[in-house]
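Here's the structure we're looking at; comments come further down.
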Amino acid sequence: MKYYLRLIFFFLLVSLCQLSLGQSPVADSLSADADSLVQTLRSQIQDLQMQGIMMREQLEKQGINARADSLQLVRRMQRIDSLRRITPGAPLIIDGDTLFVLYDRRGGVAPETRVKDIYEKMMEIGMRMTLFTDSIFIYEGDFTSDIMSGEDVIMSVTDNDALWQNQTRQQLAADYRTIIHTKIEQMQSEYGLKRKLLGVLYVLGSMAVLGLLIWSTNYYYRRWRFRLVRYLLGRTSPVSFKNYEVLNLRRQGVLFYGAFNVVRYLVILLLLFIFVPMFFAAFPETKSFTYAIFGYLWNPFVGIVKSIFGFLPNFFQIVVIVICFRYLVKGLHYLMDEISSGRLTINGFYADWAQPTYLILRVLCYSFMIVMIWPLLPSSDSQVFQGVSVFIGIIVSLGSSSIIGNVMAGMVMTYMRPFRVGDFIKYGDIDGFVIEKTILVTRIRTRKNDVVTIPNSNLMSSQTTNYTFSAQNYGVIVHTKVTIGYDMPWQQIRDLLLDAAHKTPHILKKPAPFVLVTALDDYYVEYEINAYTHQSDLLGIIYSELHQNILDSFHKNGVEIMSPHIFAHRNDLPVQIPPQV
């Protein structure tokens, strides 16, 4: 500015001199010099003015740009502050330690991809056998600050990364460099050559200890097994159940040998289970296998313990339900015993109904108990549990159709009371005494002591005859037939048959025996003797004695028991009557 003022002052001074000199020759020459000087000064002044104008324009542009940059920076900060509330960022996590978080992209690379690349690069550098960590440095570029290790770029810090952290790019790069440097040193101490050598020594020592323990286990097993077996056999006695010797000393010795052998193998397996994970734990790269192997044993154990404690409330409910139904069944058993023994009488309820009714009620009680317990069982609502239950139900229903039929028939016959245990019955061609009635079958002992088992469904669908019931209430009629020729008077035959019936034991006098003429055939007359008896269990003996008495009576009175079909002369053949004894 001072230079401009001096030029203006000099220009004014020259103008005043030119006015004071007038139009003399000297003045003309001076005037010409002054004009050239003025022209030069004017040119310089114009140049200076143009430079000033250009400087003012440049200053104005710089001010505008500075103001625009500051406004743009403020807007970016505001936008980042608004995004910071909803952007979680991508954390860099190594060995469970969060080093820092990246929020912004770098070009088209997402923060997650940047973090993944940084993680892989740091793991690669940190797991090298040798590393000079002083080689990690920062390279400043125009737009990024690169954290490098030798020729490898670990990560690049941008201006946007610095804005997210409210720092300058250089400060943030320095902080990240310190964090990365510290973590790589730590990784080097864990994965470096020294660590590998110590791990190898640790594994060799552990293998030596494991081998020594396995050798000791086998040595003491071979040395002490006979002594322990002899010691235990000297203090035990044979195990017997009633008259059957379940475990004698020899069998117990074999069991003891087997048990000791199993214990030996269990100890060896336990040692392997403890030491093998220790081998993997010696190196950081395989340390995860250690937790996996221990988890195979620990996780099921923890799961079982948690399941047991979680099942305890349901278990107590199940115990209460079982106890209640147990005493209910005992009460029913006592009641039915009283009825079956006759000490308790209920109108319309027979004593022989007591036992089958108790069995039915017990099945119903236990079935209802299972229905109540079922939802309380572990995993009862799982699809597998339900599928297995449905499968078992289908198999039982398909394979037990005949069983169910016998059960239903047994229940029906129980309350129909066609016969009871001890009754003498006839089923088809089989007659005998009922010795057992179950819900499925009925067993009959014949007169020859053959035990016949008949399914209840067969008895239900066929006709049975109960001689015992008839004998006790009406009397069973013992009857047999004889055929005599027309040459014998029917009155004599009737008297002989009645006489034989009266001589037969167990034949009732009242009602009296009677004789029926059942047929008048072409060649003979058919007579039938009928007599009453209450001894249905002695029918075989009664029939035998009746037949013997008929023979004695007829032979004694000279009556032949024969059925002639034609008339023929005997030609002096003797009469067919045995001589009297």
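The table for this structure:
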quantity	calculated
Meets criteria (at pLDDT 90 or above, small (Gly, Ala, Ser) and loosely packed, with under 15 Cβ neighbours inside 10 Å) for Ala500	no
Phe226 open to solvent by 70 Å² or more (accessible area, probe 1.4 Å), more than 16 Å from Tyr265 (Cβ to Cβ) and within 40 Å of the chain's Cα centre (by Cα)	no
Criterion: modelled with pLDDT of 75 or more, aromatic (Phe, Trp, Tyr) and loosely packed, with under 12 Cβ neighbours inside 10 Å - qualifying residue of Tyr358, Tyr327, Tyr366	Tyr327
Out of Phe294, Phe316, Phe311, sole residue that is under 27 Å from the mean Cα position of the chain (by Cα) and within 29 Å of Gly199 (Cβ to Cβ)	Phe294
Options Phe419, Phe433; residue that is among the aromatic types (Phe, Trp, Tyr) and not in a strand (DSSP E or B)	Phe419
The one condition in (1) open to solvent by 50 Å² or more (accessible area, probe 1.4 Å); (2) modelled with pLDDT under 80 that Gly295 fails to fulfil	(1)
Scope the range 159-207; condition open to solvent by 20 Å² or more (accessible area, probe 1.4 Å) and of a type in the set (Gly, Ala, Ser); matching residues	Ala174, Ser189, Gly205
Scan of the range 468-499 for residues that are touching a residue at least 24 places away in the same chain (Cβ under 8 Å), aromatic (Phe, Trp, Tyr) and either more than 15 Å from Asn557 (Cβ to Cβ) or part of a loop (DSSP other than H, G, I, E, B) (or both), ordered by number	Phe469, Tyr486
Residue in the range 500-523 that is in contact with a Lys or Arg (Cβ under 6 Å, 6 or more places away or on another chain), part of a strand (DSSP E or B) and either free of Cβ contacts under 8 Å to residues at least 40 places away in the same chain or not basic (Lys, Arg) (or both) present	yes
Test: residue in the range 113-131 that is loosely packed, with under 13 Cβ neighbours inside 10 Å and in a helix (DSSP H, G or I)	yes
First in the range 335-358 and farther than 15 Å from Gly410 by Cβ and part of a helix (DSSP H, G or I), second anywhere and aromatic (Phe, Trp, Tyr) and open to solvent by 40 Å² or more (accessible area, probe 1.4 Å), Cβ under 9 Å, 6 or more apart	Ile339/Phe349; Ile339/Tyr350
Among the residues listed as Gln171, Gln186, the single one being part of a helix (DSSP H, G or I) and under 30 Å from Ile274 (Cα atoms)	Gln186
Hits in the range 251-281 - residues which are of a type in the set (D, E, K, R) and in contact (Cβ under 8 Å) with a residue 24 or more places away in the chain	Arg264
Qualifying residues in the range 505-540 (those that are of a type in the set (Val, Ile, Thr) and over 11 Å from Val478 (Cα atoms)) - the one least open to solvent (accessible area, probe 1.4 Å)	Val525
Residue within the range 448-471 that is out of contact with any His (no Cβ under 7 Å at 6 or more places or on another chain) and under 16 Å from His547 (Cβ atoms) present	no
Long-range neighbours under 7 Å by Cβ, at least six apart or interchain, first residue closer than 29 Å to Arg445 by Cβ within the range 531-558, second among the charged types (D, E, K, R) and outside any helix (DSSP H, G or I)	Gly540/Arg447
Residues (free of Cβ contacts under 8 Å to residues at least 12 places away in the same chain and under 19 Å from Asn261 (Cβ atoms)) located in the range 213-244	Trp215, Ser216, Tyr219, Tyr220, Arg222, Arg223, Trp224, Phe226, Arg227, Arg230, Tyr231
Residue satisfying all of: in the range 440-489; among the charged types (D, E, K, R) and in contact with a strand residue (DSSP E or B) (Cβ under 9 Å, 6 or more places away or on another chain); most open to solvent (accessible area, probe 1.4 Å) among these	Lys448
Out of Ile94, Ile147, sole residue that is free of Cβ contacts under 8 Å to residues at least 60 places away in the same chain, surrounded by 14 or more Cβ atoms within 10 Å (Cβ to Cβ), within 16 Å of His181 (Cβ to Cβ) and in contact with a helix residue (DSSP H, G or I) (Cβ under 8 Å, 6 or more places away or on another chain)	Ile147
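The values are calculated or read from the model by the stated rules, or taken from the named source; none is laboratory data. Worth saying up front: this structure is predicted, and the values here are computed from it rather than measured. We place every Cβ from the backbone using ideal geometry, glycine too, and count neighbours over all the protein chains shown. Quick note on the areas: whole protein, heavy atoms, side chains included, nothing else; ligands and nucleic acids left out. Shrake-Rupley method; radii C 1.70, N 1.55, O 1.52, S 1.80 Å.
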